Amino acid sequence: MTIKIKIMKKYLLLLGITYLGCGVAAEPAKAKKTDKQAQTKSDKYQGEEMVTYGTATDRKFPDTAKATPTYTIDAADVKTKVNATTVEDTVRYAPGVLIRKRFMGDPNGTLGIRTSNSFQTAHSMVYADGMPLHNPLRTSFSGAPRWSMVSPSEIDSAEVLYGPFSSQYSGNSMGGVINLNTKMPEKFEAQMDATGMFQNMHRSGRNETLMGYKTFISAGDRIDKFSVWASYNRFENEGQPQTINAAALTTAAGGTAVTGGEGYQTTTEAPAIAYGDIGVAQQTTDLFKAKFAYDFTEELQGRFTIAYEDRVGKVDDPNSLLRDAAGNKVWGGATAAGLSASQNYRTAGGKRFAVPGSVFSVSDSERQALNYGLGLKGKISDNWSIDTTASYYDAFKDRTISSNLNPNHPLNQNKGQVSDEKPWWATYDLKLATDKFMGRDDLSFMGGYQFNHASLNLDVYDSNNYKTGAVGAKTNDSGGATQTNSAFSQLEWRFLPDWSVMAGGRFDYWQAIDGHVRTFGATNNIQNYADRDASRISPKASLEYSPDNWTFRYSFSKAYRFPIAEEMFASLSRLNSATFSAPGLGPEAGYFHNFMTQYDIPRGYLRANFFFDQINNEINSTQVTINGQTTTTFQPIDQTEAIGVDLTYQQNEVFNLPIDLMANTTIMNKQITKHNPIGTNSVNYTGKEWDRLPQLQINGSATYHITQPWAASVGVRYRSDSFQTLTNTDTAANVMGGTDESTFVDLKTSYQLPINPKLKSTLSAGIDNVFDANAFENHPYPQRTYFVSASLKY
């Protein structure tokens, strides 16, 4: 372990003790401790009226993840504090959670939790009512959860679980798990929501107002034991251009003289020129959903959910800042056959740079997906409960059509490329649990079985006419599948008053199936990989002591994360990107430790989690972008170590005033402690910081309930800067490809109109990024954005 990490341990310990001490002094406890999350919610400021949705089914399965640090958000908090346009906004202020939501409607809103960065999407899991939304096939920028399969208007609560400390979750929870719980009606209800969004964007030669809207309509009813709910969610938005086209400047001779462009720098602070952007990111999503539930008993409910999504994306207005001698726009290099090529240009100052024509291409994409699942949850006897879900996801159409050149290029012949992605996965999860194992009140047991099968195929074709979507010769075909069968169990023994110990284990049998990489052209390259398998056992344990208002808990876990299809089999070349897979990757193996201290205060709590992770053979997605061309590779890093603390204070009605406060801080450091480079061109990363991981995150919010129906909130999100590469050489700020220190301040106010006792009408307005911070996380984040919303609920 490095000296830096040892010193940081002492610093974090002192900081955590100070933090808890200050919080405890703020207000004395008035009540004996009850369940932490239940206490927070039951004592919460409810305003003029409290409406409870859904049955109590979610509370009829024992808490089998209590060894895992958990943070809970309810719908009332989101409604008053967050300008939520898509469901990932629900966890915006959760400690240690970083979602790279580049713009509203981003299909690649990747998720990072704690010491797993936002490109390690295979380290995080997301569920909606037990149905997986995380992508078990893709990682890096393509591995975002399928957030758009759930509307923020249907959320009842969300919880974030940190680390793989429960045996019911696989090693894909090394970062954590997000569980989204949605509503079901208890009586007839109907709801209509409408939101308008406006962003003032001024980058790369543009000064525009980008607009969007979201509409939501739902209706549901409960008839005796049967309940039904259906909804339609429409989302449409213009996002700021996601790539600023820039190139390094050199002193080499040659190049066609051009004017225009803006002074810029590369991520390593070398001189560069910004010569345009790829165009406004236009996204439209239509989501149709229906949920059906039947109460077999008062404590056992079955539920069926089906959702269909149609997502359309378009980028059709790239902007070039370059002009030739006649004043015409310059669109990069091309061949006489209408294909992209790199061309050298020369600035008025005599510096040379290269521009490929493909960086100004236009594109259209569409994804049509079906997601459905059947679940059963609740008591099946006096002492035993069941929680089982079978689900299926199929993106039966996922196509992107891109042009080789900009339509305005003088050599354009409408040639392009067609990319088809064929992902699907099927899962089954069964858990049985009891809090009276073998008839004993001091024993709890949980056991179960899981099955996961995920298949991916990526096909790339040439197109002689991208405008008509013509499909020509196939150039790439890659993909494969993985399958995992798992059994798990854990036992909790409450051996003394206020004391409990938990021990558990998980067995995973993993298979890689039908892996292949095929490249076609002048020379065909056909690679079919042999099927392989592996199995691992992962132990879990925790010890808890809970005297009065205090809780102390130490949790330990060993976890294995097996490689996914993209990491092993997705080798393909597209117009502006190339991916090289690593078919021989093995499982990551990690040791995880967490020590939690919590003190309950009236209507809230103070909490500190100290954590230490050590992971062997951790798979890193390395991405390099040069002149608009992105190359992605996967490689195992021998060993990483991370140490940190997250500190949380949350309280409603502080000092019995109509004020709710929340603040959390995550401080961590993750380093590569061992790395043996393979190959003559490999780099030894030993001692380097892990990429895309801020060492400091701070979130806070304050809500003032001005009157019963009127509330106003301010929120703050701070992230320290971080490296985008393991070489740790990208030090430039506010440039494409880098990650900046950022502070975003958000405002929201909402007012409930007293129209009718049975009709709840709410108006709200808000601003994200009030001070118009200009920040990048590889891509540019949105600038100041305004929201106005109206909601009508019967």
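Subtracting the Cα-Cα distance of GLU741 and GLN368 from their residue separation scaled by 0.36 nm leaves 130.6 nm.
Between ALA582 and GLN511, residue separation times 0.36 nm minus the direct Cα-Cα distance comes to 24.0 nm.
Take the Cβ atoms of LEU696 and ALA348, set R0 to 45 Å, and the FRET efficiency comes out at 0.60. Which of rounded, prolate or oblate describes segment 530-570 when judged by the alpha-carbon gyration tensor and an a/c cut-off of 1.5? In terms of gyration-tensor shape, prolate. As a length-normalised measure over Cα pairs under 8 Å and 6 or more apart, the relative contact order of segment 191-240 settles at 35 percent.
The phi torsions of segment 452-462, fed into the Karplus equation with coefficients 6.51, -1.76 and 1.60 and a -60° offset, translate into couplings of 9, 10, 9, 10, 9, 9, 10, 10, 10, 10, 6 Hz, rounded to whole numbers, with Gly and Pro shown as x.
Summary value for segment 61-190: 28 percent relative contact order, contacts being C-alpha pairs under 8 angstrom separated by 6+ residues. Would you please classify the overall shape of segment 641-730 from the alpha carbon gyration tensor, given that a ≥ b ≥ c denote the square roots of the eigenvalues, rounded means a/c under 1.5, and beyond that prolate means a/b larger than b/c while oblate covers the rest? Note, shape of segment 641-730 comes out prolate. With contacts taken as Cα pairs under 8 Å and at least 6 residues apart, the chain reaches a relative contact order of 12 percent. Peptides 459-469, 360-370 ranked from most to least packed, by the mean per-residue count of other Cβ atoms within 10 Å: 360-370, 459-469. On the principal axes of its alpha carbon atoms, segment 248-304 extends 80, 25, 16 Å, with the longest extent given first. Rounded to the nearest angstrom and listed largest first, the equivalent-ellipsoid semi-axes of the chain from its Cα gyration tensor are 43, 30, 28. Cα-based values for segment 401-518, radius of gyration first and Dmax second, are 26.2, 81 Å. Computed from Cα atoms, the angle from the helix 3-26 axis to the main principal axis of the chain rounds to 50 degrees. Among residues other than VAL150 whose Cβ falls under 12 Å from its Cβ, what is the net charge (Lys/Arg +1, Asp/Glu -1)? For residues surrounding VAL150, the net value is -2. Report summary: the helix-based calculation at 222 nm, which adds -39500 (n - 2.57) for every DSSP H run with n ≥ 4 and divides by the residues of the chain, gives -1500 deg cm²/dmol.
Each residue of segment 264-271 is assigned a 3J(HN,Hα), and the resulting list reads 8, 8, 6, 5, 9, 6, 7, x Hz, derived from the Karplus form 6.51 cos²θ - 1.76 cosθ + 1.60 (θ = phi - 60°), x at Gly and Pro. In this structure, the pairs whose alpha-carbon distance is over 20 Å, taken from LYS377/LYS558; LYS101/LYS760; LYS66/LYS558; LYS101/LYS291; LYS289/LYS431; LYS379/LYS431, are LYS377/LYS558; LYS101/LYS760; LYS101/LYS291; LYS289/LYS431.
The Cα atoms of segment 60-201 give a gyration tensor whose axes a ≥ b ≥ c have a/c of 1.5 or more with a/b no greater than b/c, which makes the shape oblate. In sequence order, segment 360-374 has phi-based couplings of 10, 6, 10, 8, 10, 9, 8, 10, 10, 9, 10, 9, 9, x, 10 Hz under the Karplus curve 6.51 cos²θ - 1.76 cosθ + 1.60, θ = phi - 60°, and Gly or Pro positions carry x.
Model label points for LYS793 and PHE288, set 7 angstrom from Cα along the Cα-to-Cβ axis, are 2.6 nm apart.
Beta bridges assigned by DSSP with both partners in the chain are antiparallel in approximately 95 percent of cases.
Just to confirm a number: summing +1 for Lys and Arg and -1 for Asp and Glu over residues other than ASP221 whose beta-carbon lies under 10 angstrom from that of ASP221, what do you get? Summing Lys and Arg as +1 and Asp and Glu as -1 gives 0.
Read-outs throughout are calculated quantities, based only on the coordinates presented, and are distinct from any laboratory measurement. Owing to the predicted nature of the structure, the values given are computational and were not obtained by experimental measurement. Because the Cβ atoms are built from the backbone with ideal geometry, glycine has one as well, and the counts that use them run over all protein chains shown.
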